[in-house]
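The values are calculated or read from the model by the stated rules, or taken from the named source; none is laboratory data. Every value quoted in this text rests on a predicted model; they were computed, and no experiment measured them. Here Cβ is always computed from backbone atoms with ideal geometry, including for glycine, and neighbour counts include all displayed protein chains.
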Amino acid sequence: MLGVFSGTIVDPPEELVAAGSRTPSSKTKASVLFDQFLEKNSPAVHVKIGHNEAILAYTHYNQSILNPRLFAVKDDIFCLFEGSLENLGSLIHYYGLSKGANEVMLLIEAYKVLRDRHPYPPSEMLSHFHGKFSFIIFDSSTSTIFVATDSEGKIPLYWGITADGYVGFANNLDLLKSACGKSLATFPQGCFYSKPFGELKSYEHPENKVTAIPAREEEICGATFTVEGGNVLNQAPLKALW
């Protein structure tokens, strides 16, 4: 799966920008990255939002049967999801959804609660999700993204900066490498990114800072993001929303 967003939507971490400046390498524009995805993942589903401010794409090609890729749109909220939730049934009941709802429909509803019911914290919402996952949410009504991975990084996600300053998220490292050069990193496990909620944060260690360590020259990525030590947030019990 692939999500590409303009600089008006995503402020990439300075460490990711610095990684590309420290070790100059070839990059391509976001449009080329998108074309390469379509070329290598045919057939693929894609959507362009606004004046190419946001591009989302995915394919079922070569996906895991146990951890499929899902996509849905509702109330101007677009969601890409890969993986599976072990407690999907209890979460469906918690959020008041129909029994036929899947992970991506659940995520859209959970995000709406997070967005509309401040100060409901992202760490509490994400700690409810038990399983393997990575997801990309784009809220076109607010031009906001919300991206996260599971606490053990079982469904890898990568992010990088293209030649024209777009930020790309993908589950394919080689695809991003060709577009982002050394401005590239693994999205840190147990973390989320969203401007309204403080940009890059750990939901396992909500009080701890996420820092980046410059990578060695021979490594593919230009930086490695880690969370400073501390007590892991226990998986929160489900509490009434209303």
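To keep it simple, each residue is scored yes or no on (1) closer than 21 Å to Ser143 by Cα; (2) among the acidic types (Asp, Glu); (3) in a loop (DSSP other than H, G, I, E, B); (4) touching a strand residue (DSSP E or B) at 6+ places or on another chain (Cβ under 7 Å).
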residue: Gly20; (1), (2), (3), (4): no, no, no, yes
residue: Thr28; (1), (2), (3), (4): no, no, yes, no
residue: Asp35; (1), (2), (3), (4): no, yes, no, no
residue: His46; (1), (2), (3), (4): yes, no, no, yes
residue: Asn52; (1), (2), (3), (4): yes, no, yes, no
residue: Ala57; (1), (2), (3), (4): yes, no, no, yes
residue: Ser64; (1), (2), (3), (4): no, no, yes, no
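In the range 215-229, the residues that are among the charged types (D, E, K, R) reach residues that are not in a loop (DSSP other than H, G, I, E, B) with C-beta atoms within less than 8 angstrom, at least six apart or across chains, in these pairs: Glu228/Val210; Glu228/Thr211. Screening Lys132 with (1) in contact with a Ser or Thr (Cβ under 8 Å, 6 or more places away or on another chain); (2) free of Cβ contacts under 8 Å to residues at least 60 places away in the same chain; (3) not aliphatic (A, V, I, L, M) gives one miss only, at (2). For the range 11-64, filtered to residues that are of a type in the set (A, V, I, L, M) and either modelled with pLDDT under 90 or touching a Lys or Arg at 6+ places or on another chain (Cβ under 6 Å) (or both), the residue that is surrounded by the most Cβ atoms within 10 Å (Cβ to Cβ) is Ala19. Checked against the criterion of being modelled with pLDDT of 95 or more and either among the polar types (S, T, N, Q) or in contact with a helix residue (DSSP H, G or I) (Cβ under 7 Å, 6 or more places away or on another chain) (or both), the candidates Phe129, Phe192 yield just one match: Phe192. Of all residues in the range 57-74, those that are in contact (Cβ under 8 Å) with a residue 24 or more places away in the chain have Cβ atoms under 9 Å from Cβ atoms of residues that are of a type in the set (Ser, Thr, Tyr) and part of a strand (DSSP E or B), 6 or more apart or on another chain, in Asn67/Ser84; Arg69/Tyr58; Leu70/Tyr58; Phe71/Tyr58. Counted as qualifying within the range 138-224 are the strands (runs of 3 or more DSSP E) with 2 or more residues that are farther than 28 Å from Tyr61 by Cα and charged (D, E, K, R), namely 199-202.
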